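Okay, so here's the structure we're looking at.
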Protein chains: 2
Amino acid sequence: MLSRKTKYGLKALTFLAKQDKNEPVQISVISQSENISHKFLESILLILRKAGYLGSKKGKGGGYYLMKHPSDIPIAAVYRILEGPIAMMPCVSLNFYEKCDDCPDEKACSVHNLMIQVRDNCLQILENTSLEDLIKS
Amino acid sequence: MLSRKTKYGLKALTFLAKQDKNEPVQISVISQSENISHKFLESILLILRKAGYLGSKKGKGGGYYLMKHPSDIPIAAVYRILEGPIAMMPCVSLNFYEKCDDCPDEKACSVHNLMIQVRDNCLQILENTSLEDLIKS
DNA sequence: TGTTTACTCTACTAAATCTATAGGTTTATT
DNA sequence: AATAAACCTATAGATTTAGTAGAGTAAACA
């Protein structure tokens, strides 16, 4: 299941992408519009800023704005930043690979092979959907 | 991410499906072969038994065995029993639907629409893969 | 009938993660 | 200087995960 963190993050990005101008939007504007706890959203936006997807401006008239064009922000990237691996098991993750301690032979593991299929399908969607696609739907 | 519970459950079912005869296999045989904590596996097998996928026999020569042919056990069903909803958000779940409290209009939610796509893709795989398919791979 | 074997069931726990919240700090604007 | 708004650290409560402990129950077998 998707965490609220990721869900809120995606909603906030969508909100920013929908703005007419790419000017700073205050956290409280986003949090009120999208029904997200102000403080929680704050921490999420901070993560996205550090990852390079958001820029920020302090002080009066400040807020957050997109650092990239929505078409250059694949959902997969946001997902990895906020949620972590897209794969269902570390042993099938491309970006967060880890060996299973209980599995002597990965290639012989039927669960492993199944989850590779699932991963590929999810990846295909999440890599090929951008923030721009999201606001169109 | 897939919980160990589900992973272990699938591995145990796979182990049983691989047996030549469908005769009771002791928990300890499975737990040792698959490197799973005996007590933890015990609780997982119990769940699968109550769900009707496994039968059990007590006493000497006892153990667990499949109640259905592997081709009649879709992975999606096992997943739902052990892991819960396949959907990434309750608002896109077919079997465990729940409205989001933060979302006034589901149809207007871009995250919602994206996750429907993801769900459909995962479902397509998990519904159409049976335990029998798993042991072949 | 008694013993062993193996599943059944309830309860508990340690650790991790999630979902925030609190409160002070820094920076920019007016 | 006053105010606005992001920045940052710490913490806390709730939930979930991944088990563990131990007594109970049923079947087999001698």
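Return a yes/no flag: does region B:64-84 have any residue that is more than 8 Å from chain A (Cβ to nearest Cβ) and on the phi > 0 side of the Ramachandran plot.
no
What's the number of the only condition in (1) farther than 30 Å from A:K18 by Cα; (2) surrounded by fewer than 18 Cβ atoms within 10 Å (Cβ to Cβ) that B:N121 fails to meet?
The single condition B:N121 does not satisfy is (1).
I'd like the full set of residues that are touching a strand residue (DSSP E or B) at 6+ places or on another chain (Cβ under 6 Å) and either assigned to a helix (DSSP H, G or I) or not assigned by TED's automatic domain parsing to the domain that holds B:L45 (or both), limited to region B:1-23.
Of everything in region B:1-23, just one residue is touching a strand residue (DSSP E or B) at 6+ places or on another chain (Cβ under 6 Å) and either assigned to a helix (DSSP H, G or I) or not assigned by TED's automatic domain parsing to the domain that holds B:L45 (or both), namely B:L16.
Would you check if B:L48 is in contact (Cβ under 8 Å) with a residue 24 or more places away in the chain and either in the same structural domain as B:I125 (by TED's automatic domain parsing) or small (G, A, S) (or both)?
When the stated conditions are applied, B:L48 does not pass them.
Let's see how each residue does on (1) in contact with a strand residue (DSSP E or B) (Cβ under 6 Å, 6 or more places away or on another chain); (2) within 15 Å of DNA strand C (Cβ to nearest atom); (3) assigned to a loop (DSSP other than H, G, I, E, B):
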| site | (1), (2), (3) |
| --- | --- |
| A:V29 | no, no, no |
| A:Q32 | no, yes, no |
| A:L41 | no, yes, no |
| A:V78 | no, yes, no |
| A:C103 | no, no, yes |
| A:I116 | no, no, no |
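All but one of (1) open to solvent by 60 Å² or more (accessible area, probe 1.4 Å); (2) not in a loop (DSSP other than H, G, I, E, B) hold for B:S56; which doesn't?
(1)
Out of the residues in region B:126-137 meeting the condition of being assigned to a helix (DSSP H, G or I) and open to solvent by 10 Å² or more (accessible area, probe 1.4 Å), tell me which one is nearest to the other protein chains (Cβ to nearest Cβ). Can you show your working first?
Of the residues in region B:126-137, the ones assigned to a helix (DSSP H, G or I) are B:126-128, B:131-136.
Okay, now just the ones that are also open to solvent by 10 Å² or more (accessible area, probe 1.4 Å), so B:127-128, B:132-133, B:135-136.
On the way: B:E127: 12, B:N128: 10, B:E132: 11, B:D133: 8, B:I135: 6, B:K136: 8 Å.
Among those that are assigned to a helix (DSSP H, G or I) and open to solvent by 10 Å² or more (accessible area, probe 1.4 Å), it is B:I135.
State yes or no: is A:R80 surrounded by 14 or more Cβ atoms within 10 Å (Cβ to Cβ), basic (K, R) and more than 15 Å from DNA strand D (Cβ to nearest atom)?
The answer is yes for A:R80.
With of a type in the set (V, I, T) and touching a Leu at 6+ places or on another chain (Cβ under 6 Å) as the only criterion, which of A:I135, A:I44, A:I125, A:I73 stands out?
A:I73
Looking at the structure I just gave you, is B:I36 in contact with an Asp or Glu (Cβ under 8 Å, 6 or more places away or on another chain) and either away from chain A (no Cβ under 14 Å) or open to solvent by less than 50 Å² (accessible area, probe 1.4 Å) (or both)?
Against the criterion (in contact with an Asp or Glu (Cβ under 8 Å, 6 or more places away or on another chain) and either away from chain A (no Cβ under 14 Å) or open to solvent by less than 50 Å² (accessible area, probe 1.4 Å) (or both)), B:I36 qualifies.
Residues in region A:85-101: is at least one in contact (Cβ under 8 Å) with a residue 12 or more places away in the chain, surrounded by 18 or more Cβ atoms within 10 Å (Cβ to Cβ) and either more than 13 Å from chain B (Cβ to nearest Cβ) or part of a helix (DSSP H, G or I) (or both)?
yes
Would you confirm whether any residue within region B:14-28 is within 14 Å of chain A (Cβ to nearest Cβ), within 16 Å of DNA strand D (Cβ to nearest atom) and surrounded by fewer than 19 Cβ atoms within 10 Å (Cβ to Cβ)?
no
Checking A:M115 against (1) open to solvent by less than 80 Å² (accessible area, probe 1.4 Å); (2) in contact with a helix residue (DSSP H, G or I) (Cβ under 6 Å, 6 or more places away or on another chain); (3) more than 30 Å from B:S33 (Cβ to Cβ), which single condition isn't satisfied?
Among (1) open to solvent by less than 80 Å² (accessible area, probe 1.4 Å); (2) in contact with a helix residue (DSSP H, G or I) (Cβ under 6 Å, 6 or more places away or on another chain); (3) more than 30 Å from B:S33 (Cβ to Cβ), A:M115 violates only (3).
The values are calculated or read from the model by the stated rules, or taken from the named source; none is laboratory data. The shown structure was predicted, so the numbers you read here are calculated from the model rather than taken from an experiment. Methodologically, a virtual Cβ is constructed for each residue, glycine included, from the backbone with ideal geometry; neighbour enumeration extends over all protein chains shown. Protein only, heavy atoms only, side chains kept; ligands, DNA and RNA dropped before computing areas. Shrake-Rupley method; radii C 1.70, N 1.55, O 1.52, S 1.80 Å.
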